[in-house]
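Engineer: Here it is: the structure, laid out below.
The values are calculated or read from the model by the stated rules, or taken from the named source; none is laboratory data. The shown structure was predicted, so the numbers you read here are calculated from the model rather than taken from an experiment. Methodologically, a virtual Cβ is constructed for each residue, glycine included, from the backbone with ideal geometry; neighbour enumeration extends over all protein chains shown.
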Amino acid sequence: MNSPIRAILLLIFIAIPLIEIALLIKIGQAIGFWATILLVIGTAVFGTLVLHAQGMQTLNRVLASVNDGKPPVTPVLEGFLLLIAGMLLLTPGILTDSVGFILLVPPIRQLLVRHALSRLFVVTTRREGGHGNWGGSGPGGAQGWTDAEFEDAPPPGADSSSGRTARGEGPIIEGDYERLDERSVDPRRSKR
């Protein structure tokens, strides 16, 4: 790991507890010691209950996606954000509880997931000209696709005269396989 990254991480791990202590002292001065303690415990309990309910909903969405044969990328990322929210809510402090509660809000969580997916998956091909004319990411850069454009266009590398459409078809992956029960245990030993 590079030295600047270590310095930034060290600064974060030192700064967050100091900010939490300062906030707890200020809130304790404003509302009192016992009220501050009850506030910290109450946010942890409330956050845990909300986290459990939303976690079960996310698990159901993951299972529904798997049953439909779709990759459960979005629900899994939302579940990861819920895990982070739970850890932040169980950590005593006002700042971490605030960030944890923000992550519990479904529209904010979905916005973060969409942003992460848009940064993770980048379309690198774009359509140039008429039907069937595919090109790489040329001078115009990558371009988003609408469903109507994607339905009518053949997949990259497909013959436009074949009538194949991209709707409902996934990528074609070619490869070789070997059945394990046909292979001997020791590859140096000859087959019987």
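Engineer: Got at least one residue in region 67-89 being among the acidic types (Asp, Glu) and touching a Lys or Arg at 6+ places or on another chain (Cβ under 8 Å)? Steps first, answer last, please.
Structural biologist: Filtering region 67-89 down to residues among the acidic types (Asp, Glu) leaves 68, 78.
Okay, now just the ones that are also touching a Lys or Arg at 6+ places or on another chain (Cβ under 8 Å), so 78.
Scanning region 67-89, I find at least one residue that is among the acidic types (Asp, Glu) and touching a Lys or Arg at 6+ places or on another chain (Cβ under 8 Å), so the answer is yes.
Engineer: Considering (1) under 30 Å from residue 25 (Cα atoms); (2) at pLDDT 90 or above, say which one residue 112 fails and leave the rest.
Structural biologist: For residue 112, the exception is condition (1).
Engineer: Another question, if that's okay. Quick test of your reading of the structure: residue 62 fulfils all but one of (1) out of contact with any Pro (no Cβ under 7 Å at 6 or more places or on another chain); (2) assigned to a helix (DSSP H, G or I). Name the failing condition by number.
Structural biologist: (1)
Engineer: Something else about it: Name every residue in region 80-95 that is touching an Asp or Glu at 6+ places or on another chain (Cβ under 9 Å), surrounded by fewer than 20 Cβ atoms within 10 Å (Cβ to Cβ) and in a helix (DSSP H, G or I), in order of residue number.
Structural biologist: Residues satisfying the conditions are 94, 95.
Engineer: Tell me which residues, restricted to region 58-79, are free of Cβ contacts under 8 Å to residues at least 12 places away in the same chain and either touching a Gly at 6+ places or on another chain (Cβ under 9 Å) or surrounded by 14 or more Cβ atoms within 10 Å (Cβ to Cβ) (or both).
Structural biologist: Here is the first cut: in region 58-79, the residues free of Cβ contacts under 8 Å to residues at least 12 places away in the same chain are 60, 63-72.
Once the filter is applied, which keeps residues that are free of Cβ contacts under 8 Å to residues at least 12 places away in the same chain and either touching a Gly at 6+ places or on another chain (Cβ under 9 Å) or surrounded by 14 or more Cβ atoms within 10 Å (Cβ to Cβ) (or both), region 58-79 yields 65, 72.
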